[in-house]
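Pasting a structure below so you can have a look.
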Amino acid sequence: MLKDNKLLLLPFTKKTTLFEFNMSETIKLRKGLNIKLQGGAKPEVETLPLPLKVALKPTDFQGLTPKLNVKADDLVKAGDALFFDKYHPEIRYTAPVGGKVVSVNRGERRKILEIVIETDAKAGSVEFKKADPKALSGDEVKELLLQSGMWPFIKRRPYGVIASPSEKPLSIYISTFDTAPLAPDYSFVMKGQLGTFQTGIDALGRLTDGKVYLGITPDSAFAKIKNVVVNTFSGPHPAGNVGVQIANTNPINKGEVVWTVNVQDVLFIGRVFETGKVDFTKVFALTGSEVENPKYYKTVAGAPVASVVEGKLKKSENKQRIISGNVLTGTKVSKDCYLGYYDSQITVIPEGDNYEFLGWAMPRFNKFSFSHAYFSWLNKNKSYVADANLNGEERAFVVTGQYEKVVPMDILPVHLLKAIIADDIDKMEQLGIYEIIEEDLALCEFVCTSKIEVQKLVRKGINLMIKEMGS
Amino acid sequence: MKSLRNFLDKKKPLFLPGGKLSKFGSTFGAFETFLFTPNHTSKTGSHIHDTIDLKRTMTVVIIALLPTLLFGSWNIGYQNGLAFGVERSIIENFIFGFLKVLPIMIVSYGVGLGIEFIVAQIRGHEVNEGFLVTGILIPLILPVNIPLWMVALATAFAVIFGKEIFGGTGYNVMNVALIARAFLFFAYPSEMSGDLVWVYDLAGNTPVDGFSGATPLAYAAQNASSEIASFKDMFLGLIPGSIGETSTLAVLIGAAVLIFTGIGSWKIMLATVLGTLFMGGICNLFPANEYMSIPAYTHLVMGGFAFGAVFMATDPVTASSTEKGKWIYGFMIGILVVLIRVFNPAYPEGMMLAILLMNVWAPLIDYFVIEGHVKRRLKRAKIKANA
């Protein structure tokens, strides 16, 4: 963590000649925790055939109220709008592949859960304008992103919701590495695609009067990317979280808006400009201790979970939990679900819904603990099998000082959460609700002795802020 | 274990809502989760969770307390032997003492857990683990001659009025074990102070010549510093005092366990020591009487200082919850201990009151630490706006 006075000075240094010096300096984050789990992906990519079905799920987008453009049996091309945002009709959500809309699945109170497309390789794509983003104006870039359905990949801080096309972001932040457990290695995933990535970056650069910031690790291949400000970070998880990177360079104050984009999603944007077509092909890391041969798979966003995991899991008598995303922030899915829109990882771990005799009193050599109350400190390099068991019951806040050790931001996590529990909007604002989203405090939830549902609380606080203050 | 699990699974429906014995649901739950870590899995947020839970945390604290319990038991036998000129082996001393401590522990646990179970049942939630530690802390900070009914009364008072009325473990303002002790101290001062209560059976019997049973703190308060036991004796704990508090060495072993496991805050422990040395140092600079001139470090080994700093001040529920606040909180305890000990003739020991006082102040300290944090964040925004 930066010294406080340095944090205060940074806004100055960015504007002076010291700036060059800052670029090469590695920002060392000390707080945090790397959870070493078994089942990391081997550097090997297998391209999967086009799945039979693909789905777009409105529930992947925080706070969205979808309005349908299509109905069952409609034929769509890749890039045709399936639905749009009721309150921002210009934000379109387009079909990742062409084919026939087979069903619109609804849940309680007719809430739209998924729009399922039966894929057809011959359905074709909508032709968008092919252009060098550097030759376009900001408004032209924005228009193309909205038309092609790329806009939803741009999220905003505060709150981690989809950016509003009418607002002016201070800057755009992209993290090129993920430090979460078993996370994909983007230097490997993006190999050979850095040109397209550059195109995407150039397009995003048109959307802000400020700068595009790239968070990288030392010796990263992304250091070659141009027209960006590079911030080098080292340290344990959550150093790769874009929120942590913002907080340690230009922390967000009240009234400020910063946009963020996931690294693979920049590729989607780049492809539209380079080819004039949408191409939602991305690489997923299939990881976790329950996976037979963990490695990378190339498929399309919104592919069925089964199309990636079927036949690749270990045979087990015990229940397995499939997670779209990583073990800290992902979503529990079943084989008949579809992969999350923003996810680049699938993790499979044991469900762990079993009792353990006197578990709290056992030495538990094979279970990981951040505290030294168990013996995992004996072997720092050991990788563990973690299951989804809570390892205890929920209790009131008792132990203090735990959360602070895993949050490398100038934030008092426990007190911010207490403000959220108390629905105290002023306190939430003062204590930094604008700077965080769920993933930034996910480790607090992991280390918590009292098993408090930290990420759920964070979203509760954010939703209250949106409701009371507007976005 | 399978058969035990099957037995519990078979009986469980009886205790669930609608079952015949649903009135005892919390009680059943407490025993079930004691025997088996539950099969609950993550429903929201993080899918994996650390293996630590409140049961383990409390277990570690109890393990850290064991050296003081073992030494304290031995010391009861040893002090009694000194008083009446009885020769016993180490084992005999220990057994002699342990048999005196055991009833106090049974009463403390019985009354405290009993209340916890009943309250949990009334409120319809799980039995919290907080009392597992409180139940052993209470005997360790009492004199060995304490009548058992007083232990029961004090425990009941502390658990009900010190904890349950605030909402149970995690919501109490003051350390529960210290409330029990303070209750006895003010309600039954004759059983909690003086020279006769600290050594087993001393009251009403004649000890060997030269044995008084007075604690070093009592001598210090009488400005009789020449009578205070040697630093080594006090450090090892070969002195009269509350059951678990006499041996600084045993406490230090516990401190090592708490600090290494990360369960006790080293910041509070260190700050308390620094505060004591600071205030003791000031006294040494202006030695108006004998007590003020005893070396500042002596305070660290006298009375309940070490025990309080390691096991009481660090109680996370009642201490400061901010990391900066912990430094202030601990330092203030250190200062207050010396102030009460040296300048208040009514109370030879200051640790209990110092901690209770700072328990009350801890939220205020946190308030100012958080205000400072908020101000700094606002300044950050202003600098940026003006840049």
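The values are calculated or read from the model by the stated rules, or taken from the named source; none is laboratory data. As the structure is a computational prediction, the values presented were derived from the model and not from experiment. No Cβ is skipped: glycine too gets one built from the backbone with ideal geometry, and neighbour counts run over all protein chains shown. For the accessible areas, the whole protein counts, side chains as well, though only heavy atoms, and no ligand, DNA or RNA atoms are used. Shrake-Rupley method; radii C 1.70, N 1.55, O 1.52, S 1.80 Å.
Determine ³J(HN,Hα), in whole Hz, for all residues of the range A:440-449 in sequence, where each value follows from phi through the Karplus function 6.51 cos²θ - 1.76 cosθ + 1.60 and θ = phi - 60°; x replaces Gly and Pro.
5, 10, 4, 5, 4, 5, 5, 7, 4, 5
Could I ask something else about it? Distance between the C-alpha centers of the range A:317-333 and the range A:142-186? Whole Å please.
24 Å
Residue A:137 to residue B:278: FRET efficiency via 1/(1 + (r/R0)^6), r the Cβ-Cβ distance, R0 60 Å, to the nearest 0.05?
0.35
So for the protein assembly as shown: antiparallel DSSP bridges make up what percent, rounded to the nearest 5?
Bridges in the protein assembly as shown that DSSP calls antiparallel: roughly 65 percent.
May I pose another question? Would you mind working out the magnitude of the charge dipole of the protein assembly as shown relative to its Cα centre, with +1 at each Lys and Arg C-beta and -1 at each Asp and Glu C-beta, to the nearest 20 Debye?
That gives a dipole near 2140 debye.
Counting only C-alpha contacts under 8 Å and six or more residues apart, can you give the relative contact order of chain A as a whole percent?
Computed over chain A, the figure is 18 percent.
Using a 1.4 Å probe, how large is the accessible area of residue A:336, given in Å² and rounded to the nearest 10?
120 Å²
Search the structure for amide H atoms under 5 Å from the amide H of residue B:127, placed 1.01 Å from N in the peptide plane, and list their residues when 5 or more places away or on another chain.
Correct list: B:30.
A further question on this structure: Can you give the percent of C-alpha pairs in the range B:54-160 whose distance is more than 19 Å?
50 percent
Over the C-alpha atoms of chain A, what are the Rg and the largest Cα-to-Cα span, Dmax, in Å?
22.0, 67
Okay, moving on. Of A:202, A:426, which has the most accessible area with a 1.4 Å probe, and how do the rest follow in descending order?
A:426, A:202
Next up: Considering chain B, what Rg and Dmax in Å follow from its alpha-carbon atoms?
23.1, 81
Students sometimes get this wrong: rank A:337, A:444 by accessible area, probe 1.4 Å, all chains present, largest first.
The ordering from most to least exposed comes out as A:337, A:444.
Can you work out the FRET efficiency for the pair residue A:379 and residue B:102, with r the C-beta to C-beta distance and R0 = 41 Å, to the nearest 0.05?
Between residue A:379 and residue B:102 the formula returns 0.55.
Counting other Cβ atoms within 10 Å, which chymotrypsin sites (Phe, Trp or Tyr not before Pro) in the range B:151-196 have at most 16 and lie in a DSSP loop?
Counting only loop positions with at most 16 other Cβ atoms within 10 Å, the chymotrypsin sites (Phe, Trp or Tyr not before Pro) in the range B:151-196 are B:171.
Which sequence of B:200, B:367, A:297 reflects their accessible areas, 1.4 Å probe, from the largest down?
B:367, B:200, A:297
Now, a different point. Give me the one-decimal nm value for the distance between modelled label points at residue A:292 and residue A:254, 7 Å along each residue's Cα-to-Cβ direction.
Each label point is offset 7 Å from its Cα along the Cβ direction, giving 5.8 nm.
Cα centroid distance between the range B:280-331 and the range B:347-374, in Å?
13 Å
Ordered by residue, what ³J(HN,Hα) values in Hz, to whole numbers, does the range A:270-275 give under the Karplus form 6.51 cos²θ - 1.76 cosθ + 1.60, where θ = phi - 60° and Gly and Pro are x?
x, 5, 4, 5, 7, 10
Among A:160, A:270, B:282, whose Cα sits farthest toward the positive end of the charge dipole of the protein assembly as shown (+1 at Cβ of Lys/Arg, -1 at Cβ of Asp/Glu, about the Cα centre)?
Checked the options; the winner is A:270.
Skipping prolines and chain starts, which residues have an amide H placed within reach, meaning under 5 Å, of the one on residue A:387, given they are 5 or more residues away or on another chain?
Long-range HN contacts for residue A:387: none found.
Sticking with this structure for a sec: Strictly over 29 Å apart at the Cα level, which of A:191/B:384; A:282/A:405; A:42/A:382 would you flag in this model?
A:191/B:384; A:282/A:405
Residue A:65 to residue A:188: extension gain in nm, 0.36 nm per residue of separation minus the Cα-Cα distance?
Gain on stretching residue A:65 to residue A:188: 40.7 nm.
Another question, then. Using a 1.4 Å probe, how large is the accessible area of residue A:90, given in Å² and rounded to the nearest 10?
Residue A:90 has an accessible surface of roughly 70 Å² with all protein chains in place.
Quickly work out the residue B:171-to-residue B:95 label distance, labels modelled 7 Å from Cα along the C-beta direction, and quote it in nm with one decimal.
4.7 nm
Please work out the C-alpha center-to-center distance from the range A:40-91 to the range A:385-429 and express it in whole Å.
Computed from Cα coordinates, the inter-centre distance equals 34 Å.
Also: What 222 nm value per residue comes from the helices of chain B, counting each DSSP H run with n ≥ 4 as -39,500 (n - 2.57) and dividing by all residues, nearest 500 deg cm²/dmol?
Roughly -20500 deg cm²/dmol at 222 nm, from the helical runs in chain B.
Along the range B:223-231, what does the Karplus equation 6.51 cos²θ - 1.76 cosθ + 1.60 (θ = phi - 60°) give for ³J(HN,Hα), rounded to whole Hz, x for Gly and Pro?
After applying 6.51 cos²θ - 1.76 cosθ + 1.60, I find 6, 9, 5, 5, 7, 5, 4, 5, 4 Hz.
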